[in-house]
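A quick write-up on the structure given underneath.
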Amino acid sequence: MNGASKYHLPKGTSADGPYDLLISPESAGWGYSGLRILSLGPGEAHSLSTGGSEFLVLPLTGSCIVTTDGTAFALEGRTGVFASVTDFAYLPRESQALISSAQGGLFALPSARTEQSPLPARYGPKEDVPVELRGAGACSRQVNNYCLPGTFDAEQLLVCEVLTPGGNWSSYPPHKHDEVRPGQESELEEIYYFQVSGEGGFGYQRVYGVPGRPIEVLAEVRSGDSVLIPHGWHGPSIAAPGYDLYYLNVMAGPGQDRAWLICDDPAHAWVRGTWDAQDIDDRLPFGAEEND
């Protein structure tokens, strides 16, 4: 197995049972972050046991009802990842849930292993999801901040979505979060799960190492692919012209303060200083017409 194939998981290569994608800490070779992609047909349901991990139920397409401990959360969902943000549900560790969908759909189940006292199951309304436009010019992108410090409480799980218009670069300048440096950098394992607009759409993902910790990935990514980032600089994520790029970020690590602190690659950090003189791409935010 070469380095790229170890960290780049093309669609279908990590399917398991009811899941189109199953990434666990064991399969990834690390300690905390996980992701499952669940496909349900009309009228189907799935029983989820969270075990030692906390989970989100995050609709990618379609709606569902999440029932746990006698409480039902109705998730309205969305028609697709580029259409709008979505509501979601939080499930604590050592809980049981039933995910059912009358019309069917595709549902992301990001997770983080945790040993802390569990928080209660909760509903996250889409109206409360902060939508942020980052960068400018060809580095313009949209970030949907579902479950980050300051946006939604969790034990160790961090989850956001990044949407990049065709021809733009995101996750740029390249950055890392693989060591503990108080106030500067936190240690987090990360999963990227991709969808791309348009038939035959594609993008690219870059990951590279630091001295003493090599990693080398330059992957062409398509809908349903994932990339694992145990350490190292990651970025750019490149949307090919004509094809908008979406990725779901799932992060977790050993730190008990649940911080998301990143360090830019010093060779490229200067790029941030050029954004003040540029406008944000007018194709953002995604779904603006639908939401008017």
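The values are calculated or read from the model by the stated rules, or taken from the named source; none is laboratory data. All values derive from a computational prediction rather than experimental measurement. Counting neighbours? That spans all protein chains shown, and the Cβs are built from the backbone with ideal geometry, glycine included. Ligands, DNA and RNA are excluded from the accessible area calculation, which covers all protein heavy atoms including side chains. Shrake-Rupley method; radii C 1.70, N 1.55, O 1.52, S 1.80 Å.
Using the beta-carbon distance between residue 103 and residue 134 and R0 = 30 Å, what value does 1/(1 + (r/R0)^6) give for FRET efficiency, to the nearest 0.05? Efficiency for this residue pair is about 0.35. Subtracting the Cα-Cα distance of residue 267 and residue 83 from 0.36 nm times their residue separation leaves 62.7 nm of extension gain. With bins 5 Å wide beginning at 0, the percent of Cα pairs of segment 182-266 falling in each bin runs 3, 14, 22, 22, 17, 12, 7, 3, 1. Each semi-axis of the equivalent ellipsoid for the chain is √(5λ) with λ an eigenvalue of the Cα gyration tensor; in descending order they amount to 28, 22, 19 Å.
Starting from 0.36 nm per residue, how many nanometres of slack lie between residue 94 and residue 47 once their C-alpha separation is accounted for?
15.6 nm
Ordered by solvent-accessible area of protein heavy atoms (1.4 Å probe), largest first, the residues 282, 265 come out as 282, 265. The Cα atoms of segment 7-126 cover 35, 35, 24 Å along the three principal axes, with the biggest extent listed first.
In the context of the full set of protein chains, the chain has a per residue accessible area of 42 Å² (1.4 Å probe). The value given for segment 121-180 is a Kirkwood hydrodynamic radius of 13.2 Å, derived from the mean inverse Cα-Cα separation. Over segment 42-102, the alpha carbon radius of gyration divided by the compact-protein estimate 2.2 N^0.38 Å works out to 1.10. Spatially, segment 96-161 and segment 225-292 are offset by 16 Å when compared through their Cα centroids. Taking the square roots of five times each eigenvalue of the Cα gyration tensor of segment 79-139, the equivalent ellipsoid has semi-axes of 27, 19, 11 Å, listed largest first. Rounded to the nearest 0.05, the FRET efficiency derived from the C-beta distance between residue 71 and residue 115 at R0 = 30 Å is 0.80.
Packing here is the average count of other Cβ atoms within 10 Å per residue, and on that basis the peptides 132-145, 201-214, highest first, run 132-145, 201-214. With a Förster radius of 25 Å applied to the C-beta separation of residue 204 and residue 180, the computed FRET efficiency comes to 0.25. Note down the net charge around residue 74, summing +1 for each Lys or Arg and -1 for each Asp or Glu among other residues with Cβ under 13 Å from its Cβ. Cβ neighbours under 13 Å give a net charge of -1. Rg/Rh, computed from the Cα trace of segment 166-225 with Rh as the Kirkwood radius, has the value 1.04.
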